Amino acid sequence: MAFNKDKLVCFYVNARSLVYKMSELELYVYEEKPDIIGITESWTFEDLQNSELNIDGYVLLRKDRIVGDKIKSGGVMLYIRSTLNATVREDFDSQIFPECICVMLKLRMKNTLIGICFRCPESEKLSDEALFELISKAIVEKIMLMGDFNFSELDWRKPETLDDAHPFLKCIMIISYSACR
């Protein structure tokens with residue numbers, strides 16, 4: 001069944017530890033009723049049960065950062081309204097860039113790929129290349145990509161300083177061009 005609303009309502013946040021902010025998130029969801037919720041830096045960990053993070057009426061998808069027992073940072077989550085027809089796109093999973101979740105939504109006009117990604121500031125070149133590969137792979141789809149990409153050399157407040165040769169900007173330009181066709 002295709003989604004019939006005129007607009008898809010989405011919410012994105014860098015939580016910097018969601019566990020102690022669940023009541024705030026639940027209140028926001030109750031008030032605003034978003035269809036998709038993307039969260040970066042969830043700081044969730046393997047021993048944390050989904051039941052502690054569930055929100056009524058939503059399907060929860062998550063990827064925790066696995067670094068060591070003492071480090072609880074990073075991680076991404078998607079909450080998708082349970083009435084939406086979402087399919088996890090495992091072909092976007094990457095061992096090299098693991099903090100990314102993509103789903104395909106069947107919407108009225110066209111299927112749409114929805115993704116959430118987190119790139120830590122200390123990412124290595126190999127991880128960045130895997131991110132760029134994922135983004136490039138997505139250009140054949142109608143896409144909405146949310147996330148925290150942490151390229152300190154890109155100052156979005158000063159667009160005139162952005163270098164079009166930067167690999168991340170190249171990826172964005174390819175997606176923008178593709179979406180405009």
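Taking the Cβ of Y30 as the center, what net charge do the other residues with Cβ under 12 Å away carry, scoring Lys and Arg +1 and Asp and Glu -1?
Values: positive: K33; negative: E24, E26, E31, E32, D56.
For residues surrounding Y30, the net value is -4.
If packing is taken as the mean number of other Cβ atoms within 10 Å per residue, what is the order of 120-130, 46-56, 97-107, highest first?
Numbers: 120-130: 13.3, 46-56: 11.5, 97-107: 20.2.
Ranking, from highest mean packing down: 97-107, 120-130, 46-56.
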Considering only C-alpha atoms, what is the centroid distance from the range 43-104 to the range 115-134, in Å? 16
Total charge dipole magnitude, the range 70-133, about the Cα centre, Cβ charges on Lys, Arg, Asp, Glu only, Debye to nearest 20: 520
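For the range 28-181, what's the relative contact order in percent, using C-alpha pairs closer than 8 Å and at least 6 residues apart? Let's see the in-between values first.
Details: 244 pairs, mean separation 28.0, N = 154.
This gives 18 percent for the range 28-181.
Suppose every Lys and Arg Cβ carries +1 and every Asp and Glu Cβ carries -1, with no other charges. What dipole size does the range 17-157 come out with about its Cα centre, to the nearest 20 debye? Numbers along the way, then the final one.
Values: 17 positive and 25 negative charges, 117 e Å.
Here the range 17-157 has a charge dipole of around 560 debye.
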Just tell me which lysines come within less than 16 Å, Cα to Cα, of K63; anything on the same chain fewer than 8 places away is out. K72
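By count of other Cβ within 10 Å, fewest leading, how are S82, S94, S23 ordered? Could you put the intermediate results ahead of the total?
Numbers: S82 11, S94 15, S23 8.
Fewest-to-most Cβ neighbours within 10 Å comes out as S23, S82, S94.
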For Rg/Rh (Cα atoms, Kirkwood Rh), one of (i) 0.96; (ii) 1.00; (iii) 0.93 was computed from the structure I shared and the rest are decoys. Which label? (i)
T83-K106 pseudo-label distance in nm [points 7 Å out on the Cα-to-Cβ vector]: 1.6
Would you list which aspartates and glutamates come within 20 Å of K158, measuring only between C-alpha atoms, while excluding same-chain residues fewer than 8 positions from it? D148
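FYI, it's all coordinate maths here, none of it is from the lab. Since we're looking at a predicted model, the values are computed, not measured. Backbone-built Cβ (ideal geometry, glycine too); neighbour counts: all protein chains shown.
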